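Presented below is the structure to which this report refers.
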Amino acid sequence: MEKAASIKKNFLYNISYQMVSALIPIILTPYIARVLTANGVGISSYVTANVTYFQLFSFLGIAGHGQREIAIVRNDKQKVSRIFWELQLFHFLCGAIVLVVYLAFVAMVPSKDVRIYYILNIIMVVASILDISWLYQGFECFRNIAIKNVIAKGSMVLFCLLFVKTENDLWKYILINALGLLASSAFLWKELYQYVFPLHRVTDIHVFRHTKPVLIFFIPTIAASVYSILDKSVINVVTHSNLQNGYYENAYKILTILNVAVQNLSTVMSPRMSSIYGSGDEDKMKDYLNSALEVMLFLAMPLAFGMASVAKNFVPIFLGDGWSPVIPLLYVFMPLVVVLGFSTYLDGMYLVPSGKRLQSAEIICIGAALNLVLNFVMVTYWQALGAAVATLITEGVIATLMLHLSKDVIDRKRILYAFLRYAIYGIIVFAGSTFAGKCIDNNYVIVLQIFAGCLIYVLLLIMTKDPILAAGFQKVNSFSKGNRL
């Protein structure tokens, strides 16, 4: 059995993959925005949102439950094998049912032009059925996931640049994305037997014994989709406008790029926290959680304030002409960099590993219901901007409730101090970057603003002898000497 990699190595593997994941939208989004226009992006967004519902039902809560179970028993290959095959056979069964329902749904799509996009996305549904990344996450083996996804995503970018040339190539764009997802899932099966025994060597398999915990994990997953996916469906239903969906889609992509940098540590630490909780070391779990929240604020505050300061100049340069409605959406979305940081870290590093998934599910269901109501009301009056406001309010409520649920493990003075410290730094970065944006009036203004914002933030950290920066230098020095965390 392969020994779990150090947090340091996992962080580097995962952040390398996340950097590529962030780089791809930076390269591809401006190109696709100009080639497919807001109308094409809107159609793609709406279709993908609907397909995602089927992917969610095929997966249920297998990923979250499976990762946690594997992390707990990863030193026993027989137990790992039994859990893996029980869950994957369950996954195949659910996936087959969902695939039949999806084909029936595709047959009922009234528009032949749109139906072809759903037909192509059958590949995405199949890809979700084959996804076993949760197994590798349970082993904290992010190397396998990172390398294979980087190859698949890099190929997607190349094929998009080669074959997507006009707005009529929307079908090619959807096909390339679907095939890329399928390749990412399929690649992970190549090294499967290094971690589990073949099915015929595993005994005492009970496929349906995981039904209850899988459904418990599924409830917050499907509920979360209400405000991460359904907003796009509501925009289309209420406004009947692909343009509004296109504006919302690209604003959310920019938010996602920022979140990649902020939420990386939570992804790496989640399986490790399950293992720590399983060993009963609650003090270590508390220390890790509070340290991680400080790192989150260290990253999130300057990114949120920095993007807010450059949004007006950034959007026309990044997306091109005709995308100005994205600017106010970004202003609304920017606080979400911090808000989502809190909810993601608390859920992934405490609530799920400590077995509080049911309480977490209840919070997310409350948020989902609130978001659904807010979406229909606000989208009616403010279209895509209304959906953005609804998302901000919902995520704020969810983060607040999760903070309350985690109050016994959070060092409130420590986190409040970090919040205020980095918020003040962020405000200063915002002021400096905004002032820099008024110094010149050409496309290089973004470079000047980003440089000014980064310089100001680094100087603030150095002058105040920031503890996280100091710890970061210490870790780099430790890594250079080959020490483990």
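Based on what the data block shows, is Ala261 within 21 Å of the chain's Cα centre (by Cα), open to solvent by 20 Å² or more (accessible area, probe 1.4 Å) and either at positive phi or among the small types (Gly, Ala, Ser) (or both)? Yes; evaluated as a whole, the condition is true for this residue.
In this structure, does Ile132 turn out to be surrounded by 15 or more Cβ atoms within 10 Å (Cβ to Cβ) and within 16 Å of Ser81 (Cα to Cα)? So Ile132 fits the description; yes.
Trp189 fails exactly one of the following numbered conditions: (1) closer than 22 Å to Leu60 by Cα; (2) modelled with pLDDT of 80 or more; (3) part of a helix (DSSP H, G or I). What is the number of that condition? That leaves (3) as the condition not met. Of the residues making up region 94-115, those that are in a helix (DSSP H, G or I) and within 13 Å of Val51 (Cβ to Cβ) are Val98, Leu99, Val101, Tyr102, Leu103, Phe105, Val106, Val114, Arg115. Screening Gln244 on (1) at pLDDT 80 or above; (2) over 18 Å from Ser45 (Cα atoms); (3) open to solvent by 20 Å² or more (accessible area, probe 1.4 Å); (4) under 23 Å from the mean Cα position of the chain (by Cα) shows it passes everything except condition (2).
Any residue in region 148-161 that's farther than 23 Å from Leu192 by Cα: show its pairings with residues that are surrounded by fewer than 17 Cβ atoms within 10 Å (Cβ to Cβ) at Cβ separation under 7 Å, as long as the two are six or more apart or on different chains. Short answer, once both residue conditions are applied: Val157/Ile27; Leu161/Tyr31.
Taking region 95-123 as the range and being over 17 Å from Ile43 (Cα atoms) and open to solvent by 20 Å² or more (accessible area, probe 1.4 Å) as the test, the residues that pass are Ala96, Ile97, Leu99, Val100, Val101, Leu103, Ala104, Phe105, Ala107, Met108, Ile123. Considering only region 166-217, state which residues are surrounded by 12 or more Cβ atoms within 10 Å (Cβ to Cβ), in contact with a Lys or Arg (Cβ under 9 Å, 6 or more places away or on another chain) and of a type in the set (Val, Ile, Thr). Once the filter is applied, which keeps residues that are surrounded by 12 or more Cβ atoms within 10 Å (Cβ to Cβ), in contact with a Lys or Arg (Cβ under 9 Å, 6 or more places away or on another chain) and of a type in the set (Val, Ile, Thr), region 166-217 yields Val196, Val202, Ile205, Ile216. If you go through region 380-402 and keep only what is in contact with a Ser or Thr (Cβ under 7 Å, 6 or more places away or on another chain) and either in contact (Cβ under 8 Å) with a residue 60 or more places away in the chain or aromatic (Phe, Trp, Tyr) (or both), you end up with Gln383, Glu395, Ala399, Met402. Of Val397, Val476, Val377, all but one fail to be over 24 Å from the mean Cα position of the chain (by Cα), at pLDDT 90 or above and part of a helix (DSSP H, G or I); the exception is Val377. When Ala63 is tested against (1) farther than 25 Å from Leu130 by Cβ; (2) among the hydrophobic types (A, V, I, L, M, F, W, C); (3) at pLDDT below 85, only condition (1) is not met.
The values are calculated or read from the model by the stated rules, or taken from the named source; none is laboratory data. It should be emphasised that the depicted structure is a prediction, and the values quoted were computed from it without experimental measurement. For neighbour counting, all protein chains shown are included, and Cβ atoms are generated from backbone atoms with ideal geometry for every residue, glycine included. Note: areas computed on protein heavy atoms with side chains; ligands, DNA, RNA excluded. Shrake-Rupley method; radii C 1.70, N 1.55, O 1.52, S 1.80 Å.
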